[in-house]
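The values are calculated or read from the model by the stated rules, or taken from the named source; none is laboratory data. Owing to the predicted nature of the structure, the values given are computational and were not obtained by experimental measurement. As a convention, Cβ positions derive from the backbone with ideal geometry for all residues, glycine included, and neighbour counts pool all protein chains shown. With ligands, DNA and RNA removed, areas are computed over all heavy atoms of the protein, side chains included. Shrake-Rupley method; radii C 1.70, N 1.55, O 1.52, S 1.80 Å.
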Amino acid sequence: MKLPSLVWGSPQWSSVAGILAGIAALALLWSYARARTGRPVRLAAATLKALGFAALLIALVEPMLTGTRPRRGANAFVILADNSQSMLIRDGRGTPTRGEWLRDRLGKETAWKTRLEQDFDVRRYAIDSHLRAVEGFDALAFDGVGSSLGTSLQSLAKRFRGLPIAGVLVFTDGRRTDTGDLDPSQLPPIYPVIPPTRGGGRDIGVRGVSITQTNFEAAPVVLRADVATTGYRGQPIVAVVTDESGNDVERQEMTANRDDRPLSFRFQFRPEQKGLSFYRVRAFARDAEIPADADAHAGATAPPASGGADADGGEQTTANNSRLVVVDQGGGPYRVLYVSGRPDPEFGFLRRALEAEDQVGIVGLIRIARKQPKFDFRSNRRGEANPFYDGFDQSDPDLAERTDQPVLARFGTTGPDELRDGFPKTAEELYPYHAVILDDLEAAFFTADQLALLRNFVSQRGGGLMMLGGPDSFAEGRYDRTPVGELLPVYLHRTPPPGNGDAEYRLSLTREGLLQPWVRLRKTEEDERKRLDDLPRLPVLNQVRGIKPGAVVLSEARDGWGRASPALVAQPFGKGRVAAMLLGALWRWDLKRADPSDVEPRRAWRQAIRWLVADVPRRIEVTARPLADSTAPAVDLRVRVRDAQYRPLDNARVTLKITAPGGEELNLDAQPDGREAGTYAATYVTRQAGAYRVLASASAPDGSAVGQRETGWAAQPAADEFARLEPDRDWLESIASRTRGEVVDGDRLGAFVSSLSSRDAPITEPWTAPLWHQPLYFLIAIACLAGEWGIRRLNGLP
């Protein structure tokens with residue numbers, strides 16, 4: 001708000017006014033110096049007369065107030081009304097809804113609206129899922145799905161860019177469903193008008209849900225739901241997770257203690273099917289259960305109850321009683337390459353462990369015999385072989401035995417050419433695998449190019465690598481100063497061969513290991529420690545010099561003297577991850593089981609393999625995220641496509657098949673994104689609430705298929721809007737202060753409109769008002785002189 005300034009209209013009279021002021025001051029001092037009364041009385045009377053004379057003398061120089069004000073009709077002023085369903089909320093028994101309160105102030109002609117239209121070019125808009133201009137506010141039904149308040153304000157700023165706009169008067173509760181931050185520098189002054197809240201309502205709402213995909217076999221999905229309750233203190237609240245068929249997956253119950261502290265439910269369950277699936281979380285009072293189909297319908301399409309505490313079992317609305325959750329377990333199938341330096345039971349143990357895992361397949365490459373030097377025994381005859389070997393020549397080179405090459409056995413291959421020449425030599429051969437396990441195999445088995453290829457497999461392709469302990473692993477396998485040694489999470493140094501002596505090692509988990517779901521097998525720490533104490537001791541451990549920065553020790557091996565050494569160490573490396581299992585002969589845990597029905601050793605392998613391949617990138621990946629800066633409920637679909645060497649693939653053809661909640665299908669072509677190579681994007685506007693699926697298919701420039709990938713999202717604007725029912729006053733106050741506006745009291749709109757004449761506006765005009773034309777000015781002068789006269793008469797002064 002701007003204050004007027006004071007200027008002098010006739011400054012040439014200032015000298016005359018000064019002379020008269022001096023004469024008046026001398027006369028005043030002479031008069032009251034001779035007065036026979038107390039000093040306080042003389043001082044008060046003299047001050048009043050001096051003020052009266054000063055006011056009259058100042059009038060000689062014509063004091064004037066001057067300033068600027070918005071030019072009438074030159075500036076636009078926007079009235080923005082929220083038409084979303086949250087305006088149907090009734091905040092207390094017997095009180096009007098927020099929409100009724102809004103219509104009472106906007107739906108009829110009032111003095112403040114008339115004054116506003118006289119001074120400004122008034123524009124009227126309504127918002128729900130998008131922004132639109134309206135003639136008036138009488139027809140607002142408050143049935144809009146969602147409230148894109150932030151994006152609508154940004155859209156207004158774009159519409160009026162370059163045009164004079166003095167401010168935006170926003171009638172809203174601030175419950176927005178769009179995402180993203182606002183740039184206040186681009187916005188005009190915002191003046192929110194917030195409906196009053198009186199309390200007294202009751203409600204149960206699923207405020208937020210989160211999904212954690214774990215490698216913990218007993219519960220690979222952890223779902224957390226925060227349920228807010230108002231007016232249900234001391235009552236039992238039930239939360240239920242249901243699948244797409246409406247069947248209960250898990251049900252829990254908690255007692256509501258405080259309205260300001262949400263209940264936190266934690267569900268653990270294993271999805272029955274792989275791939276993409278949707279689950280619904282519902283919450284309600286135990287004595288007022290809402291059927292799953294009715295609750296889903298209310299949360300998706302029906303407007304909320306507006307009957308306050310008298311409707312819908314005592315709740316203000318049931319639109320926030322449920323939320324959809326997307327669970328994606330469609331990363332597989334995965335392929336793991338197991339390479340071993342000698343036949344041992346480990347590979348058989350691992351294959352049996354993965355028999356129950358339909359998403360992971362294992363391929364084995366096991367060395368049966370090492371390569372040996374080649375000798376040609378020659379006779380004395382020139383260039384001829386020893387006659388002893390006559391008749392043993394093999395004319396077919398493919399069937400001839402080569403003693404200078406290792407003898408390798410392949411298991412689980414998909415065709416006769418897979419691993420035919422041993423360990424892969426090119427990225428095209430190695431990168432189709434998602435993880436590699438090296439078991440008791442020395443570095444000399446690989447060529448220098450193959451060691452570098454393994455390093456790139458982890459750092460660039462994003463694959464997983466695990467090395468198991470043994471006589472030919474780690475430092476004993478001379479991996480120090482090799483590309484594989486660089487990516488291992490431990491520092492290697494030469495130690496005596498493991499297994500010497502009678503040392504046996506017992507496994508124990510560190511604090512970090514207990515916090516990792518893929519490392520532990522049981523739910524509680526006490527049960528996990530008991531399980532580890534019952535495991536057979538292992539005689540093989542590779543010692544290391546230390547742990548690299550960024551690596552985490554997940555388990556330790558303790559010898560008979562209690563000395564601890566790292567046993568399982570993991571770290572991220574580039575785009576992938578690496579684990580070092582320094583213990584060897586892990587198959588003993590399965591072979592020496594006390595109970596033949598105990599499957600925990602196999603479960604441990606399955607969980608470790610899941611962790612190893614969990615985040616490995618695929619050649620095609622698709623994501624679906626809400627579009628933050630859109631005035632409509634739009635979703636940004638992005639597809640990343642890679643070639644056979646997992647480099648970004650440009651000029652690919654990407655199609656998206658979208659399945660809406662009703663089963664309708666739509667095909668879209670994703671266009672290249674100029675900001676990132678190998679990325680293709682498309683935008684889809686959701687027309688209805690529910691579960692959406694999208695299947696992305698990509699083909700290379702030569703027409704060959706790259707792959708397919710499915711993802712999905714849940715459109716639930718009602719649940720988002722009603723996640724919290726109380727007006728978001730904090731956010732509205734923040735926007736107002738950052739745009740040089742203020743929160744306006746809905747009952748003082750007249751005073752606010754009157755104050756606009758003293759506020760900043762793009763187009764203004766100057767104004768002046770002579771101070772001596774103001775009746776108050778002369779009234780003050782007369783009051784001072786009359787006061788002085790009264791003091792003199794009361795004290796008997798002449």
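Among the conditions (1) at pLDDT 90 or above; (2) out of contact with any Leu (no Cβ under 8 Å at 6 or more places or on another chain); (3) open to solvent by 10 Å² or more (accessible area, probe 1.4 Å), the only one that GLY361 does not satisfy is (2). Out of curiosity, is VAL336 touching a Leu at 6+ places or on another chain (Cβ under 9 Å), more than 30 Å from ARG90 (Cα to Cα) and surrounded by fewer than 23 Cβ atoms within 10 Å (Cβ to Cβ)? Taking the combined requirement at face value, the residue does not satisfy it.
Scanning the stretch 10-36 for residues that are loosely packed, with under 15 Cβ neighbours inside 10 Å, at pLDDT below 75 and in contact with a helix residue (DSSP H, G or I) (Cβ under 9 Å, 6 or more places away or on another chain) yields a total of 1. In the stretch 581-619, of all residues being among the aliphatic types (A, V, I, L, M) and open to solvent by 60 Å² or more (accessible area, probe 1.4 Å), the one that is modelled with the lowest pLDDT corresponds to ALA594.
I'd like to check something: does the stretch 480-493 contain any residue that is hydrophobic (A, V, I, L, M, F, W, C), crowded, with 19+ Cβ neighbours inside 10 Å and out of contact with any Lys or Arg (no Cβ under 9 Å at 6 or more places or on another chain)? Looking through the stretch 480-493, none of the residues is hydrophobic (A, V, I, L, M, F, W, C), crowded, with 19+ Cβ neighbours inside 10 Å and out of contact with any Lys or Arg (no Cβ under 9 Å at 6 or more places or on another chain). Remark: pairs (first residue in the stretch 13-34, farther than 15 Å from LEU57 by Cα; second residue at pLDDT 80 or above and open to solvent by 80 Å² or more (accessible area, probe 1.4 Å); Cβ separation under 9 Å; 6+ apart in sequence or on different chains) = TYR32/LEU43.
Consider LEU509 carefully, then state whether it is at pLDDT below 95 and within 23 Å of TRP611 (Cβ to Cβ). In short, yes. Of everything in the stretch 65-92, what is crowded, with 19+ Cβ neighbours inside 10 Å and over 43 Å from the mean Cα position of the chain (by Cα)? Give them in sequence order. Of everything in the stretch 65-92, just one residue is crowded, with 19+ Cβ neighbours inside 10 Å and over 43 Å from the mean Cα position of the chain (by Cα), namely PRO70. The residues of the stretch 149-160 that are open to solvent by 10 Å² or more (accessible area, probe 1.4 Å) and either touching a helix residue (DSSP H, G or I) at 6+ places or on another chain (Cβ under 9 Å) or in a helix (DSSP H, G or I) (or both), listed by number, are GLN154, SER155, ALA157, LYS158, ARG159.
Here no strands (runs of 3 or more DSSP E) wholly within the stretch 537-646 include at least 2 residues being in contact with a Cys (Cβ under 8 Å, 6 or more places away or on another chain). For GLY331, the test of being modelled with pLDDT under 85, open to solvent by less than 30 Å² (accessible area, probe 1.4 Å) and either in contact with a strand residue (DSSP E or B) (Cβ under 6 Å, 6 or more places away or on another chain) or not hydrophobic (A, V, I, L, M, F, W, C) (or both) is passed. A search for C-beta distances below 6 Å between a residue of the stretch 446-458 that is within 12 Å of GLY485 (Cα to Cα) and any residue that is not hydrophobic (A, V, I, L, M, F, W, C), counting only pairs 6+ apart in sequence or on different chains, returns LEU451/THR482; LEU451/PRO483; ALA452/PRO483; ARG455/PRO483. Figure legend. Inter-residue proximity from the stretch 703-732: first residues within 19 Å of GLY201 (Cα to Cα) and among the aliphatic types (A, V, I, L, M), second residues open to solvent by 50 Å² or more (accessible area, probe 1.4 Å) and part of a strand (DSSP E or B), beta-carbon distance below 8 Å, spacing 6+ or different chains. Indicated pairs: ALA723/ARG207; LEU725/THR230. A single member of THR197, THR212 is within 22 Å of the chain's Cα centre (by Cα), at negative phi and open to solvent by 20 Å² or more (accessible area, probe 1.4 Å), and it is THR212.
Scanning the stretch 538-580 for residues that are open to solvent by less than 40 Å² (accessible area, probe 1.4 Å), in contact with a helix residue (DSSP H, G or I) (Cβ under 8 Å, 6 or more places away or on another chain) and not β-branched (Val, Ile, Thr) yields a count of 9. Inside the stretch 439-479, residues that are aromatic (Phe, Trp, Tyr) and either open to solvent by less than 10 Å² (accessible area, probe 1.4 Å) or within 43 Å of the chain's Cα centre (by Cα) (or both) make up a count of 3.
Of all residues in the stretch 120-146, those satisfying the criterion of being in contact (Cβ under 8 Å) with a residue 60 or more places away in the chain and open to solvent by 20 Å² or more (accessible area, probe 1.4 Å) are SER129, HIS130, ASP143, VAL145. Taking the criterion of being touching a residue at least 40 places away in the same chain (Cβ under 8 Å) and either among the basic types (Lys, Arg) or open to solvent by 10 Å² or more (accessible area, probe 1.4 Å) (or both), the residues of the stretch 167-186 that qualify are ARG175, ARG176, THR177, ASP178, THR179, GLY180, LEU182, PRO184. Evaluate the following for ARG520: is it in a helix (DSSP H, G or I) and touching a residue at least 24 places away in the same chain (Cβ under 8 Å)? Taking the combined requirement at face value, the residue does not satisfy it. Taking the stretch 24-127 and the helices (runs of 4 or more DSSP H) fully enclosed by it, no element has 3 or more residues that are under 22 Å from LEU153 (Cα atoms) and aliphatic (A, V, I, L, M). Scan the stretch 225-240 and report the pairs whose first residue is without any contact (Cβ under 8 Å) to a residue 40 or more places away in the chain and open to solvent by 40 Å² or more (accessible area, probe 1.4 Å) and whose second residue is small (Gly, Ala, Ser) and assigned to a strand (DSSP E or B), with Cβ atoms within less than 9 Å and a gap of 6+ or a chain change. Listed pairs, sorted by first residue: ASP226/GLY208; ASP226/SER210; ASP226/SER264.
Looking across ILE763, ILE780, one residue alone is in contact (Cβ under 8 Å) with a residue 24 or more places away in the chain and touching a helix residue (DSSP H, G or I) at 6+ places or on another chain (Cβ under 7 Å). It is ILE780.
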